[in-house]
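Everything on this sheet refers to the single structure shown next.
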Amino acid sequence: MDREINGKIQLKVPEIKYTKLFINGRFLDSVSGKTFETNDPRTGDVIAAVAEGDKEDVDNAVKAAREAFDHGKWPRTSGHERGRILMKLADLIEQHAEELSMLDAINAGKLLHMTQAFDIPTAASMLRYFAGWADKVHGQTLKCSGEFQAYTLLEPVGVVGLIIPWNFPTVLFVAKIAPALAAGCSVVVKPAEQTPLSALYCAQLAKQAGVPDGVLNVVTGFGPTAGAAVASHMDVDALTSFKRSHSLALIKPRAFYKCSSILFD
């Protein structure tokens, strides 16, 4: 609900439930114990103190994602079942639309009616779209000359690093995780330091939906530290970010050769 103060309508800050790193299905303090303030950009007011992840925390998140991919059930689960879980996550996002709309409004300085009418419904719709693709990832049988048989097999790439900008927090969080999870990958997400709250909230919803521990990890922090650690990690198989990300300038050269793909928005 909105409230009026000195004749002006202001948003009531919702209860901030999740402010710690989400690693291997648990909310954890950063290894260093450091936190940073996240603010309402319209007023400058502090909303909450959020765990400040660094290289050690990224290492822990990537380790959890690697274990979940190499030895866990998610990439070995049928596409139908992965799609069902993502559909459940879309349902949960709709059920918690009020809280998510408020978080994006106060954390990104957006109009509440826009987050209610566009951002959260778009995130849920996007999840359902990619959930529908989860059981439709097929290879091809190729015609060959001679007595040969040739075919292609599409497989999940592995651990994917996802670096998210600030302007559409929930929408872009979903846009990054949904195709990766639908394909059977595990992910390490570094949300923008300006807007970390909805990513942590969605991580908890993903756990409720049935996404196994270690498959989805969220490390909050700053681009030159946490973001750079994700971007340059040698156990990350693919990376997606946006062109103006400061993290990308800090990628170690060998990481370009290790990653099977680096995608820019």
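The values are calculated or read from the model by the stated rules, or taken from the named source; none is laboratory data. In this text the structure is predicted, and so the values were computed from the model without any measurement. No Cβ is skipped: glycine too gets one built from the backbone with ideal geometry, and neighbour counts run over all protein chains shown.
The table below gives the values:
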quantity	calculated
Residue count for the stretch 101-131, restricted to those that are within 13 Å of Ser198 (Cα to Cα) and of a type in the set (Ser, Thr, Tyr)	2
Residues of the stretch 148-173 classified as assigned to a strand (DSSP E or B), among the hydrophobic types (A, V, I, L, M, F, W, C) and either at pLDDT 95 or above or within 11 Å of the chain's Cα centre (by Cα) (or both), total	4
The lone exception for Leu239 - which of (1) crowded, with 24+ Cβ neighbours inside 10 Å; (2) at pLDDT 95 or above; (3) of a type outside the set (Gly, Ala, Ser); (4) not in a helix (DSSP H, G or I) it fails	(2)
Pick from the stretch 108-137, criterion in a helix (DSSP H, G or I) and more than 29 Å from Ala183 (Cβ to Cβ), ranking: farthest from the chain's Cα centre (by Cα)	His113
Strands (runs of 3 or more DSSP E) within the stretch 9-53 that include 1 or more residues of a type in the set (Gly, Ala, Ser)	46-51
Conditions (1) in a helix (DSSP H, G or I); (2) aliphatic (A, V, I, L, M); (3) touching a Gly at 6+ places or on another chain (Cβ under 9 Å); number of the one not met by Ala105	(3)
From Asn6, Asn39, Asn60, residue being crowded, with 17+ Cβ neighbours inside 10 Å and either at pLDDT below 95 or not aliphatic (A, V, I, L, M) (or both)	Asn60
Counted residues, the stretch 174-194 - those being outside any helix (DSSP H, G or I) and either of a type in the set (A, V, I, L, M, F, W, C) or touching a residue at least 40 places away in the same chain (Cβ under 8 Å) (or both)	10
Scope the stretch 76-97; condition under 18 Å from Leu197 (Cα atoms), surrounded by fewer than 17 Cβ atoms within 10 Å (Cβ to Cβ) and touching a residue at least 24 places away in the same chain (Cβ under 8 Å); matching residues	Glu94
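Results for (1) within 11 Å of the chain's Cα centre (by Cα); (2) closer than 12 Å to Val159 by Cβ; (3) among the β-branched types (Val, Ile, Thr), shown as yes or no for each residue.
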residue	(1), (2), (3)
Ile177	yes, no, yes
Gly184	no, yes, no
Val188	yes, yes, yes
Cys202	yes, no, no
Ala206	yes, no, no
Val211	no, no, yes
Ala228	no, no, no
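Residues are listed down the side, and each one gets a yes or a no for (1) out of contact with any Asp or Glu (no Cβ under 6 Å at 6 or more places or on another chain); (2) closer than 15 Å to Ala192 by Cα:
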position	(1), (2)
Phe27	yes, no
Gly33	yes, no
Phe36	no, yes
Gly44	yes, no
Val50	yes, yes
Glu56	yes, no
Ala61	yes, no
Ala64	yes, no
